[in-house]
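The block underneath contains the structure these notes are about, expressed in structure tokens.
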Amino acid sequence: GQIYVFNGSPHPMIMFGCDGNVESYWGDEVFANPHGVTIGPEDEVYCVDNGDNTVRKFTADGKLLMTLGDAHKPAPKMSGDPFNLPTHLAIDKRTGELYVADGYSNARIHKYTPDGKYLFSWGESGTGEGQFNIVHNVAVDADGWVYVADRENHRVQVFDSNGRLQAIWSNIWKPSGIRIGVDGNVYIAELLADFYYADAPDVGHRVSIFNQSGKLLGRLGDS
């Protein structure tokens, strides 16, 4: 029931209790730029650091178990190779396979085995089907479908576990985060609108809720 907050303070990983009080912290002077955190099925903590271009797996109390990527050795920009400014990681709970969103200077999803063996990647820069413009977040549902927050294309793209496109959801403003709820619905955090649209209606700072067929069920927050 702890809440893990991966952040840019001197204590990069802070654990809160459900009452909101700090219970512990770790990771001091370990991370270059904390960006994404994912809790594994056995309480492993996966940390995506886009400052040093790594994805690291820790125990719940901060013991390093595995590292993906070479610290401070980014792949060439838009090369398609892991990693150049990765953003997030998702886990297929059926298989334990890992999906890394990569990210700000790469337009790719990379797939790994549970023990960190590279399998394959998909995606390229662009606005067409299966292309990405800032892969900002990724989630996997109970059936193994992969939901990708294609942020600057204002959409979520849905793939099967082999990277084959299944659906595109539009009517979304800068999807920044995706979570699959215990109800099976897909919760999408939409980023605040840019300066020129800051006061315009229906362009973000909200959470949109979709079912797995892409039907909009409701929205929370400003619109």
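Working only within the stretch 121-160, note down all residues that are more than 21 Å from Asp194 (Cα to Cα), of a type in the set (Ser, Thr, Tyr) and more than 16 Å from the chain's Cα centre (by Cα).
Correct list: Ser125 only.
Hey, which of the strands (runs of 3 or more DSSP E) in the stretch 1-87, taking only ones fully inside, have at least 3 residues that are closer than 18 Å to Ser105 by Cβ?
34-39
Taking the criterion of being more than 20 Å from Asp102 (Cα to Cα), in contact with a strand residue (DSSP E or B) (Cβ under 9 Å, 6 or more places away or on another chain) and open to solvent by 70 Å² or more (accessible area, probe 1.4 Å), would at least one residue in the stretch 41-49 satisfy it?
Within the stretch 41-49, one or more residues are more than 20 Å from Asp102 (Cα to Cα), in contact with a strand residue (DSSP E or B) (Cβ under 9 Å, 6 or more places away or on another chain) and open to solvent by 70 Å² or more (accessible area, probe 1.4 Å).
Take the residues of the stretch 199-223 that are of a type in the set (A, V, I, L, M, F, W, C) and surrounded by 15 or more Cβ atoms within 10 Å (Cβ to Cβ): which is farthest from the chain's Cα centre (by Cα)?
Checked the stretch 199-223; the qualifying residue farthest from the chain's Cα centre (by Cα) is Val203.
Which of (1) open to solvent by 30 Å² or more (accessible area, probe 1.4 Å); (2) touching a Cys at 6+ places or on another chain (Cβ under 9 Å) is the odd one out, the single condition Val55 does not satisfy?
All conditions are met except number (1).
List the residue pairs whose Cβ atoms are under 8 Å apart, where the first residue sits in the stretch 1-29 and is of a type in the set (D, E, K, R), the second is open to solvent by less than 60 Å² (accessible area, probe 1.4 Å) and in a strand (DSSP E or B), and the two are 6 or more positions apart or on different chains.
Listed pairs, sorted by first residue: Glu23/Met15; Glu23/Phe16.
Here are Asp70, Asp102: which of them is among the acidic types (Asp, Glu), free of Cβ contacts under 8 Å to residues at least 60 places away in the same chain and within 24 Å of Ala142 (Cα to Cα)?
Asp102
The values are calculated or read from the model by the stated rules, or taken from the named source; none is laboratory data. What you see is a predicted model, and the numbers here were worked out from it, not measured in a lab. Every residue, glycine as well, gets a Cβ built from its backbone with ideal geometry; the counts of neighbours run over all protein chains shown. When the accessible area is computed, the model is the full protein with side chains, heavy atoms only, and any ligands, DNA or RNA have been set aside. Shrake-Rupley method; radii C 1.70, N 1.55, O 1.52, S 1.80 Å.
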